[in-house]
Structure formats: structure tokens, C-alpha cells
Amino acid sequence: MSNNRALKTILMSTAILLGIACLAFARTDHREYRDAKPEDCRECHGGSGVADNHGAFFMKEHRVMAEKATSNCADCHQQSFCLDCHKGGGLEPDLRKSLSRRGEYMPKTHRSDFISIHPIKATDNPRNCYRCHETGFCSDCHTRQIQRNRSGMGIKPHRTIFVSPGVPDPGWVSDHRADARRNLQSCQGCHPQKSDCTNFACHPNLRGR
Amino acid sequence: MRIIRVAVLLMAVACVPFLSHAAEGKVTSSTQYLWYQDFLSNDKDQSDVAQYLRLNVTKLDKEGKINVYGYGRVIKQISTSDEGRPELADDTFGRLYYFYLDYRDAVKNHLDLRAGRTYVGSAAVSGTIDGIYLDVRNLGPVGVTLFGGRNVTFDNKSETGACKDSLAGMSVYFDTIKNTHVEVSFGRKYDDSDLARENVGLDFSTTPHEKVNIYGKVKYDTVSDKVGELLFGAKLAPVKSFILRGEYFQSHPTFDEFSFYRFFSVNDYKEISIAAEYWLTGQYQVSGRYAREDFGGSETADVYEAGLLARPIKDLTLNAFYEKRNGYAGRLSGFRFNGEYRISRAAISAGIDYDDFRREASREGTAKKYWAGILYELNKMFSAVARVEENINFNFNRSYQGFAALNITY
């Protein structure tokens with residue numbers, strides 16, 4: 001069923017694209033401008049029909065451009081430029097970048113003490129965390145804290161409240177449902193296993209693993 | 001073993017042209033000492049030594065079409081091991097970020113290829129693979145990219161993932177109308193041979209007028225039968241030096257095919273934002289952004305950001321940024337300020353980060369960071385870097401960390 005829908009999506013998209021296809025335009029090679037400063041780009045791009053980028057919010061915007069098949073990032077940047085932020089590299093250390101608790105370089109977006117503010121920042125577009133981090137990145141810390149019974153973890157209390165054996169409190173169920181619906185991806189950090197959520201009657205016969 | 005075999009094969013292929021042509025090589029090395037405090041290791045001081053190495057071998061053929069690029073590091077923790085973190089000490093970890101053969105114009109004007117460990121990206125799926133990437137260009141009005149290989153994932157200082165984790169995809173793109181790009185892509189991720197993700201992506205951007213750019217991106221998750229991500233935006237440049245941007249973003253949490261999480265009902269995340277940036281003069285830029293975030297079930301948040309970039313005198317750059325956030329998940333008010341001043345061969349930098357946060361129904365407090373660093377270029381080949389930082393937050397009353405590095409380029 002899902003495959004049929006995917007196929008339909010591809011076919012419809014392709015049909016639309018073919019409808020507008022008439023001429024091909026090659027992208028501009030920017031290799032000769034590799035050493036130019038971003039502010040110099042405006043000299044050419046002003047009035048060229050293509051707005052310049054690398055502005056104040058380029059950190060948020062660059063993904064849209066970088067994922068295109070015809071992106072010209074490589075004309076100026078090597079892959080190490082990307083990976084030093086996305087995968088904790090540090091070949092050319094930017095002095096504005098800090099170290100994580102693991103001794104890895106962190107991108108500049110992880111300001112002040114990111115452990116302190118990450119529960120708030122992670123909700124600003126929840127997808128962002130997973131662009132660089134695997135799910136296990138969260139559990140490496142959270143699971144260890146739980147194992148050590150460290151009270152300082154400071155997570156919003158969400159342990160199940162039972163009104164009688166096997167019967168969870170309706171108020172807790174309501175809160176739990178609402179929070180899970182809004183931020184289910186973060187639950188994986190501490191509860192990666194199916195058994196973490198099916199040990200009472202709320203989720204019988206849940207599929208998956 | 002597979003990585004080593006691929007690396008050896010690539011090196012062998014790369015060396016063949018050496019027999020008839022003088023290639024150019026550039027090596028960038030950084031030898032570093034890093035110190036920090038890991039609160040999971042009972043707040044013990046930790047220190048590592050790391051060696052980064054990037055290798056660019058270019059012009060392996062007369063036309064300069066064949067190049068080899070590599071980047072990796074070796075790191076070792078030299079401090080005393082903590083009982084709770086035995087995996088961090090007594091071992092040396094290596095991480096190969098990429099190592100690939102880049103062959104541009106393998107078929108003139110029609111085919112570029114990369115083989116080895118390389119980053120691949122598309123609207124549908126992206127990641128680092130041990131495999132091959134082909135860009136077949138100028139097939140009439142379209143171009144096609146194809147890629148596939150072992151999916152490479154990195155964990156704490158090392159590499160993770162099984163041999164049978166893989167990633168494959170393709171895209172068809174149309175640069176048909178001037179300043180317009182349309183691309184459809186398809187991608188799959190396999191976890192130990194089991195299909196984990198399957199996405200269809202659509203990406204477009206067009207600049208119908210020099211003052212208007214419209215763009216969008218859709219990622220459709222065929223496993224959950226949902227639109228995983230939707231982005232639509234417009235960028236306006238009504239007057240010179242002023243850029244205005246409006247965006248709508250929507251995402252739906254998606255999970256692996258076999259994950260039990262994918263059977264739960266979830267809310268969409270929606271965000272509407274507007275941003276503006278303006279160069280007052282060539283030396284001063286101001287920027288601002290507002291975002292309204294909607295988490296479903298009447299929970300929302302408002303995010304305000306303001307920034308200033310200033311170059312008041314030659315060789316001095318100042319950055320200031322302020323963010324205020326109210327709403328679901330908590331309140332946040334913070335700023336960061338930093339500057340860099342260049343004196344001859346040296347660049348001195350320093351900065352302050354401050355955040356006042358109120359997490360929803362849990363912790364509140366402040367986090368402060370003070371840092372300073374220096375870069376000194378001894379000559380064209382050698383440079384030295386040092387950075388120190390003090391942190392004051394709920395984990396540490398006082399925590400110091402930093403790094404010192406010697407960089408060599410030749």
C-alpha cells in the first residue's frame with residue numbers, strides 16, 4: 001500500500017517536472033572565488049538574478065542548499081569543513097567552538113552550557129538534533145544517569161503513577177499522552193526498547209521492536 | 001577490514017597515474033592536546049591527545065580531473081580511567097571522516113564520480129557511505145545522481161554501525177528554467193540488512209526576479225506514509241543590503257520501519273518564521289528573527305533573536321547575539337558576545353556566553369561561559385592555536401577546559 005503511494009508520488013512529481021522541462025542551464029563554477037570573503041559575493045550577486053547567501057542566518061539555511069545534487073559547496077569547501085561541525089572534527093579549530101563533555105568539538109550553535117539548555121533548544125525544530133546525532137547519543141548519557149540513580153538529572157518527573165495495582169492514574173495518563181505526542185522522538189533516548197513501554201496494560205499487542 | 005581493503009584499493013588506483021604524471025599533494029596536520037571535565041566520570045579532569053590529518057592529492061592526471069581526498073584522526077585519552085567509563089581510556093580510537101577518489105568528467109560533460117568513503121546528500125536521504133556516488137549530467141534537460149554503500153555512523157570518538165548497515169539513493173534534477181532548480185530524490189536506509197527508512201524527496205528553488213527567491217523542500221516517509229518534513233520559504237531583497245525571509249516549516253516524527261515507536265500517534269511540529277538582515281554600512285550588519293512554534297494541543301512557543309556584526313576598525317570583528325524564548329518546554333533568555341582582533345601574524349579572540357533558563361517543570365538556573373584564544377602563524381607552514389574556557393553552571397561551580405594545537409600545512 002505504502003509502496004503504491006510512494007510510486008504515485010514519484011510519478012506525479014516526475015510528470016510535473018517534465019511539464020516544465022525545456023532547456024538546461026549549467027550551474028556557475030565558483031572555484032575561482034574560493035578565497036573571496038562572503039561580503040565580496042554581493043558585488044557580483046547584487047542584480048545578478050541570484051541572491052547572495054552566507055548571511056546572518058546561514059547556519060539555519062545552509063541545509064536547503066547543501067542537499068541539492070547541484071550544490072556548489074565543494075567549489076570552495078572541502079568535506080572536512082562540514083564534518084568538523086557535524087561530526088566533531090577539529091582540523092582547523094574555530095576558536096568560537098567549545099568542547100563537549102566528551103572532549104569533542106561542538107558547533108557554535110551549542111552555546112553556554114548546552115547540557116543546561118538542551119531540553120529547551122531541542123524542542124526548537126526537534127528534527128535538528130537527529131541531523132548530526134544518532135539516537136544512541138542521548139541514551140549514552142541519560143541511561144548512565146538513570147543507572148547511577150543521579151537525582152540531579154532534572155528531567156520533568158514522569159514516572160508512572162498507579163491508583164491501584166496495574167491501573168495508572170488518569171491524570172498521569174493524560175499528561176503522558178500529551179507529552180509523548182509532542183515529543184516522542186526524545187523518549188527514545190532513555191527508552192529504546194519496546195519492553196520499556198509495554199510493561200503495563202496501556203500498550204498491549206504493540207508491534208515493532 | 002573492509003575499510004582497509006577499500007583504502008588500499010583506492011590508493012592503488014590513485015597511484016597508477018603517478019607512473020606518468022606528477023601529481024600535487026597537500027597535507028594538513030593538527031596535533032592537539034585537549035583537556036575537559038566529564039561529569040559522567042565523577043567530574044574528573046580528562047585529557048586527550050589527538051592527531052588530525054587531511055590529505056589532498058590532486059592532478060593525478062594531466063587534465064586535473066582525478067583527485068584523492070582523505071581526512072581522519074587518531075585520539076587517545078591519556079588521563080586516568082574512571083571505573084564507570086572504562087571504555088574511554090586504555091585504548092586509541094581512530095575515525096576516518098572520508099577517503100575517496102574524485103573523478104570529475106570521467107565521461108566528458110556527462111559523468112562525475114566519487115568512490116570510497118564520502119558524504120552524500122539529497123532531499124530524501126543523506127549520510128556518509130563507504131561506496132560510490134555518480135552524477136550523470138546533461139542527459140538532455142535532466143541530470144541523475146546515484147549513490148550507495150555501507151552507512152557509516154560515528155559514536156563517542158569512534159565509528160559504529162554494522163557491516164550490513166547501508167544507504168542508497170538517487171535523484172533526478174532539472175535545471176531547466178534559468179535560476180530554477182527542481183529535484184526529485186529517493187533514498188533508503190538499511191539497518192543490518194533490514195529496511196529502516198524509505199523517503200521520497202522533492203526540492204525546488206526559483207528566482208523569477210532578482211529580488212525574489214522562492215524555495216521549498218518535501219520529505220515524504222513511505223514507511224509511515226506521512227510527510228516527514230515540509231519547508232516552504234521566500235527570500236526578498238527589496239533594496240540593496242536588505243534581505244527579508246519568511247518560512248513555513250512542518251515536521252512529523254518518523255521512526256525506523258521496525259521500531260515500535262512508529263505505531264504511536266504523534267503531533268506535527270509547525271513553525272512560521274520571519275527574518276531580516278541589513279548591512280547599515282560595509283562594516284555593520286544587524287539582523288533579527290521571530291519564530292512562532294506550534295507543538296500541537298495548544299502548546300506553542302515564541303522565539304526572538306537579534307544579532308549584530310561589527311567591524312568598527314580594521315582587523316577587529318565583533319559579534320553579538322541575543323535570544324529570548326517563551327513557551328512550551330521552557331523559557332530561555334541568553335546572549336553571546338565575542339570578538340577577534342588581528343595583530344600581524346596573531347589573531348586574539350575572546351567571548352562570553354550567558355543563558356538564563358527555566359525548564360518546564362524541572363530545573364532553572366544560569367549557565368555562563370568565558371573564553372579566550374589565540375592563533376599565531378609562525379610562517380606559512382606552521383601555526384599554533386590555544387584556547388581556554390571557564391564554565392559556571394549547575395554541573396560545575398568552576399570548570400576549566402581547552403585545547404592547544406600545532407598545525408602544519410605543506
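For the stretch B:293-322, taking the residues that are of a type in the set (Ser, Thr, Tyr) and touching a Phe, Trp or Tyr at 6+ places or on another chain (Cβ under 7 Å), the one that is surrounded by the most Cβ atoms within 10 Å (Cβ to Cβ) is identified as B:322.
Looking across the stretch A:96-132, the residues that are touching a Leu at 6+ places or on another chain (Cβ under 8 Å), within 7 Å of chain B (Cβ to nearest Cβ) and under 18 Å from residue B:362 (Cα atoms) come down to A:117, A:120.
Might you let me know whether the stretch B:361-370 holds any residue that is farther than 30 Å from residue B:327 by Cα and either in contact with a strand residue (DSSP E or B) (Cβ under 7 Å, 6 or more places away or on another chain) or at the interface with chain A (Cβ under 9 Å from one of its Cβ atoms) (or both)? Taking every residue of the stretch B:361-370 in turn, none turns out to be farther than 30 Å from residue B:327 by Cα and either in contact with a strand residue (DSSP E or B) (Cβ under 7 Å, 6 or more places away or on another chain) or at the interface with chain A (Cβ under 9 Å from one of its Cβ atoms) (or both). Among the residues of the stretch A:134-172, those that are within 23 Å of the chain's Cα centre (by Cα), of a type in the set (A, V, I, L, M, F, W, C) and at pLDDT 75 or above comprise A:137, A:138, A:141.
Just one residue in the set A:55, A:88 is facing chain B (nearest Cβ under 7 Å) and part of a loop (DSSP other than H, G, I, E, B); that residue is A:55. A count restricted to the stretch B:295-332 and to residues that are over 30 Å from residue A:40 (Cβ atoms) and more than 10 Å from every other protein chain (Cβ to nearest Cβ) stands at 5. Of the residues screened, residue B:143 is not one that is closer than 21 Å to residue B:71 by Cα, at the interface with chain A (Cβ under 10 Å from one of its Cβ atoms) and modelled with pLDDT under 95.
For residues that are surrounded by fewer than 21 Cβ atoms within 10 Å (Cβ to Cβ) and not in a strand (DSSP E or B), tally how many sit in the stretch B:94-125. Looking only at that region, the number is 3.
Listed here are the residues, each with its yes/no results for (1) at positive phi; (2) in contact with a helix residue (DSSP H, G or I) (Cβ under 6 Å, 6 or more places away or on another chain); (3) aliphatic (A, V, I, L, M).
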site	(1), (2), (3)
B:267	no, yes, no
B:270	no, no, no
B:286	no, no, yes
B:289	no, no, no
B:294	no, no, no
B:300	no, no, no
B:304	no, no, no
B:313	no, no, yes
B:322	no, no, no
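For the stretch B:168-220, which residues satisfy the criterion of being in a strand (DSSP E or B) and of a type in the set (Ser, Thr, Tyr)?
Of everything in the stretch B:168-220, those that are in a strand (DSSP E or B) and of a type in the set (Ser, Thr, Tyr) turn out to be B:171, B:173, B:180, B:185, B:190, B:205, B:206, B:207, B:215, B:220.
State whether the residues of the stretch B:230-245 include one that is in a strand (DSSP E or B), within 7 Å of chain A (Cβ to nearest Cβ) and more than 30 Å from residue A:40 (Cβ to Cβ). No, that holds for no residue. Within the stretch B:246-268, the residues that satisfy the criterion of being assigned to a strand (DSSP E or B), more than 8 Å from every other protein chain (Cβ to nearest Cβ) and touching a residue at least 24 places away in the same chain (Cβ under 8 Å) are B:246, B:247, B:248. Every condition in (1) farther than 24 Å from residue A:105 by Cβ; (2) at the interface with chain A (Cβ under 10 Å from one of its Cβ atoms); (3) of a type outside the set (Ser, Thr, Tyr) holds for residue B:335 except the one numbered (1).
Among the residues of the stretch A:58-85, the one identified as in a loop (DSSP other than H, G, I, E, B), among the small types (Gly, Ala, Ser) and at the interface with chain B (Cβ under 7 Å from one of its Cβ atoms) is A:69. If you filter the stretch A:77-133 down to residues that are hydroxyl-bearing (Ser, Thr, Tyr) and under 13 Å from the mean Cα position of the chain (by Cα), you find that the one that is farthest from residue A:59 (Cα to Cα) is A:123. Residue pairs whose Cβ atoms lie under 6 Å apart, sitting 6 or more positions apart in sequence or on different chains, and linking a residue in the stretch B:389-400 that is within 14 Å of residue B:355 (Cα to Cα) and facing chain A (nearest Cβ under 8 Å) to a partner that is buried (at least 17 other Cβ atoms within 10 Å of the Cβ) and basic (Lys, Arg), are B:391/B:369.
Give the number of residues within the stretch B:85-121 that are modelled with pLDDT under 90 and of a type in the set (Ser, Thr, Tyr). Within the stretch B:85-121, residues that are modelled with pLDDT under 90 and of a type in the set (Ser, Thr, Tyr) number 1.
Here's a check for you: in the stretch B:178-204, which residue that is of a type in the set (Ser, Thr, Tyr) and modelled with pLDDT under 90 is nearest to residue B:148 (Cα to Cα)?
In this case the residue turns out to be B:193.
Annotation note: Cβ proximity below 8 Å between a residue of the stretch B:214-229 that is farther than 23 Å from residue B:245 by Cα and at the interface with chain A (Cβ under 7 Å from one of its Cβ atoms) and a residue that is of a type in the set (Val, Ile, Thr) and in a strand (DSSP E or B) (sequence gap 6+ or interchain) occurs for B:220/B:200; B:220/B:227; B:222/B:200. Considering the stretch A:114-130, and only residues there that are of a type in the set (D, E, K, R) and at pLDDT 85 or above, the residue that is surrounded by the most Cβ atoms within 10 Å (Cβ to Cβ) turns out to be A:121. Condition (residue is within 30 Å of residue A:159 (Cα to Cα), out of contact with any helix residue (DSSP H, G or I) (no Cβ under 8 Å at 6 or more places or on another chain) and surrounded by 14 or more Cβ atoms within 10 Å (Cβ to Cβ)) applied to the stretch B:334-345: is it met by at least one residue? No: the stretch B:334-345 contains no residue that is within 30 Å of residue A:159 (Cα to Cα), out of contact with any helix residue (DSSP H, G or I) (no Cβ under 8 Å at 6 or more places or on another chain) and surrounded by 14 or more Cβ atoms within 10 Å (Cβ to Cβ). Which one is surrounded by the most Cβ atoms within 10 Å (Cβ to Cβ), of the residues in the stretch A:179-193 that are more than 9 Å from chain B (Cβ to nearest Cβ) and farther than 11 Å from residue A:143 by Cα? Looking at the filtered set, the residue picked out is A:186.
Identify the residue in the stretch A:96-105 that is closer than 18 Å to residue B:77 by Cα and not polar (S, T, N, Q) and, among all such residues, is surrounded by the most Cβ atoms within 10 Å (Cβ to Cβ). That would be A:103.
The values are calculated or read from the model by the stated rules, or taken from the named source; none is laboratory data. Just so it is clear, the model here is predicted, and its values are computed rather than measured. When we count neighbours, we look across all protein chains shown, and the Cβ atoms used for this are built from the backbone with ideal geometry, even at glycine.
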